[in-house]
Structure formats: structure tokens, C-alpha cells
1. Consider A:Pro216 carefully, then state whether it is at pLDDT below 95 and in the same structural domain as A:Phe127 (by TED's automatic domain parsing).
2. Given (1) closer than 16 Å to B:Val78 by Cα; (2) more than 12 Å from chain A (Cβ to nearest Cβ), identify the lone condition not met by B:Gly7.
3. Of the conditions (1) within 12 Å of chain A (Cβ to nearest Cβ); (2) modelled with pLDDT under 95; (3) more than 25 Å from A:Phe270 (Cα to Cα), B:Gly63 satisfies every one except a single condition; which number is it?
4. Taking the criterion of being out of contact with any Lys or Arg (no Cβ under 6 Å at 6 or more places or on another chain), hydrophobic (A, V, I, L, M, F, W, C) and in the same structural domain as A:Phe127 (by TED's automatic domain parsing), would at least one residue in segment A:204-211 satisfy it?
5. Hey, can you tell me all the residues within segment B:26-53 that are in contact (Cβ under 8 Å) with a residue 24 or more places away in the chain and more than 8 Å from the chain's Cα centre (by Cα)?
6. I want to confirm something. Restricting to segment A:231-254 and keeping residues that are assigned to a loop (DSSP other than H, G, I, E, B) and among the charged types (D, E, K, R), which single residue is nearest to B:Tyr86 (Cα to Cα)?
7. Out of all the residues in segment B:66-89, which are within 12 Å of another protein chain (Cβ to nearest Cβ) and closer than 18 Å to B:Gly47 by Cβ?
8. Kindly state which helices (runs of 4 or more DSSP H) lie completely within segment B:1-112 and contain at least 3 residues that are in contact with an Asp or Glu (Cβ under 9 Å, 6 or more places away or on another chain).
Amino acid sequence: MELTDSIVDRLRHVAALPDLVGTRYELESQIGRGGTGVVYAARDRELNRPVALKVFDFALPGEAQLIAQLEHPAIVPIYESGTLADGRSFYAMKRVVGEPLDRYVTKSPSLAERLRVIRRVGEALAFAHSRGVIHRDLKPQNVMVGDFGQVYVMDWGVDAVAGTPAFRAPEAELDQRSDIYALGLLLQFMLPQTPPHALRAVANKATRPNSADRYPSVYQFLADIERFQEGLAVEAWSEPLWHRARRFGSRNALLLWLFAAYASVKFLLFFLRTV
Amino acid sequence: MNKIVVGLLFGLILGAIDGATAWFTPEARPMIGGILVGSSIKGMLVGLFSGWFARKVHSTKWGIAVGAGLGLLFAFLVAAMQKNHYLEIMLPGFVLGGVIGFLTQRIGTTDHQVSVRPQA
């Protein structure tokens, strides 16, 4: 019998599948491939629930422990880690039902909704930074938005991961400000075609080539977004006077209407008396 | 600053400004001092009650409504004392009361917003 290319490919594919003998998991399908391994959809037979299994191409003992430190609503929790019968290490995590950010934005969500997602991602990053962990590979494909609006930051990087070129900060040594750079690019990616000046300025400040010129922490980045949402001036942009006046007007529209009503009444009474 | 103080302060300022506009009415000019004092007191009373209301009810809509109602009531009492100029006193008083009601809703702290200090 002759071995055709398709048969060889099939054999290679089957050989690459993780050997789950001796584990509580049952393989369902492949979800995706990352820089360090493959993520599979699987089922936990004991608890009868869906899980995602990340199986590493090579030994990376630190990643599961690293993510396990990060207990946060926007970070996918790890259930278990171990070594498979074929020698590869793996970990099981919650399987998120939703879609990655790059697909999510094609549905044209509102600006408020886009900013909610960015803030959620920022909160997860700020939490990780407070634990001394940096993501290293933040990009739209690594952020999932669930069916009920849950936001999850996935694929937390380890030293072996160098980041995706388009979202990687220019500096050679990655640190927290490199994550801020990627977060700024993520904000740029999330903004509608004609974004407000203030938000563009926030994204620009976060993505400055020199890391010292960026926001010193994710909290400061988030604070600027919050200021924008509350109708306040953002730190990243010294707005012109007319813009400041317009912002004041929109923030205090009701008060201005009340004063206008008072002035109108006074003028009306004045002219009624003189007529 | 609590809401009652905010009400008294804005009532005083806006009441004084409202009273000062009487200067544009020539026949009222000789009495401008009394009008200023009376209008300021009226504004402060509206501010006092609006501020008290704002501490109890957090609603811009109701704040404006109650402020406007109080403004109308006190302006009516002032006009009734003079038995004249009902429209000239009550209409601006009504709108200004609404402004004071709005400001007491937006500015100042309530009973519940107390600063918490760690216990020794």
C-alpha cells in the first residue's frame, strides 16, 4: 500500500494528539495553537464539564503556576496541571464560550461597550502587575468576550514568549510598560473609525516608543479612560479652549438651560414692562 | 461641605443677584437695599429647604421640582406682602428655585457620606 501525502498528514496529526490515558479528560477538538503549545477543547469526565486543555510542545513548568497565582474575574482560572503519558506537560482551565476581540469588534459595539472591555483588560493587567507578572503577548486574539459580556485575558506569557510583533513594544527588555504599550495598541484597535480626540491621545500616550513617556502604570491609563467617560479632561491631552468649553457645556447642559430660562424670564419681564 | 450649607450659599448668592436685577427697574431703585436683603433671605430659605430635601432624596428631577416649588412659594409670600408685582417676583423666583434645587442635588455631601478613619 502506498502512503499518500494526506495519509502521512493524517498520521502526523494523530501522533501529535495528546495522550490523555490516565487523566480525567476526554479530547473533543483543537481550539487553537499558541507559541508554546496547542489548546484543545476537552471534557472533564468526573465533573462532567467542558474544559480547555493546553498541551505544551516542550517543558514549560512555570506557566500553570504563574497563571494559578492570578485569581481574578478577568483571568481564566486553572483547574489542574500535570504531565501526560506521552511526557508532555499540560494544564486544564475553564473553557470560555465567546469570541476573540478581533471578531467581537466586527459587530460594531458601542463606544461605551468597547471601553468597558478595555477597562476590564486593564484591570486584569493591573492585578497581574501587582503580583509581579507581565503578560508579554497582549493582542486582540488573546482577549475573549463571553456571551454575557465577560472579558477574559488569555495566554499569559512566560519568558519563552517574545510577543506578537505587531503588538510588541520596541524595547528589548519587556516590563510592565511593555504591557501598557500593547494595551494602548489594543485601545487603538478597539476605537471606532473617527474616535474622540481624548481617547486617541490616551492611546498615543500609551504607545510612545520611549517607555518612560508612557503611563507609568495601568492604573493611570485606566484613570484617564475613566476621566474621559465622566466628561473630564484626560491627562494625555491638553485640550484647546473651545473644546474645554464644549465639554463643560455638555457636562452641565441642564444647569445652563436653567440659567438660560432665568435670563429669558428676566428679559421677557423687562420688555413686557417697557412696551 | 454638606448640602444644607451648599443650599444656603447658593441661595444667598443667586438671591442677591436676583435682587440686584431690580436696579434695572427705575421705580424699584430707591428700595434696592431692602430688595437685596429680602431676596437674599428668600434665596437662603429656598436653599435651606432644598438642601435638607437633597439630603433625603437623591434625584435631580425631584430636586429641581421641589426647589422650583419652594421658590414659587416664597416668591408668592414676598409678593403678597407687597400686594403687587406678583408676576415679576414669582416667575424669576420659580426658575431660580429650580436652579438652587439642581445645585443642592449635584454639589455637597449627604449624611451617609462620612469620612472613615481607621480606629486606633
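The values are calculated or read from the model by the stated rules, or taken from the named source; none is laboratory data. As the structure is a computational prediction, the values presented were derived from the model and not from experiment. A quick note on method: Cβ atoms are made from the backbone with ideal geometry, for glycine too, and the neighbour counts reach across all protein chains shown.
1. Against the criterion (at pLDDT below 95 and in the same structural domain as A:Phe127 (by TED's automatic domain parsing)), A:Pro216 does not qualify.
2. Failing condition for B:Gly7: (1).
3. (2)
4. Within segment A:204-211, none of the residues are out of contact with any Lys or Arg (no Cβ under 6 Å at 6 or more places or on another chain), hydrophobic (A, V, I, L, M, F, W, C) and in the same structural domain as A:Phe127 (by TED's automatic domain parsing).
5. B:Gly38, B:Ser39, B:Ser40, B:Ile41, B:Phe49, B:Gly51, B:Trp52, B:Phe53
6. The extreme case among them is A:Glu239.
7. Listed by number, the residues that qualify are B:Gly67, B:Ala68, B:Gly71, B:Ala75, B:Ile89.
8. Here the list reads B:32-56, B:86-106.
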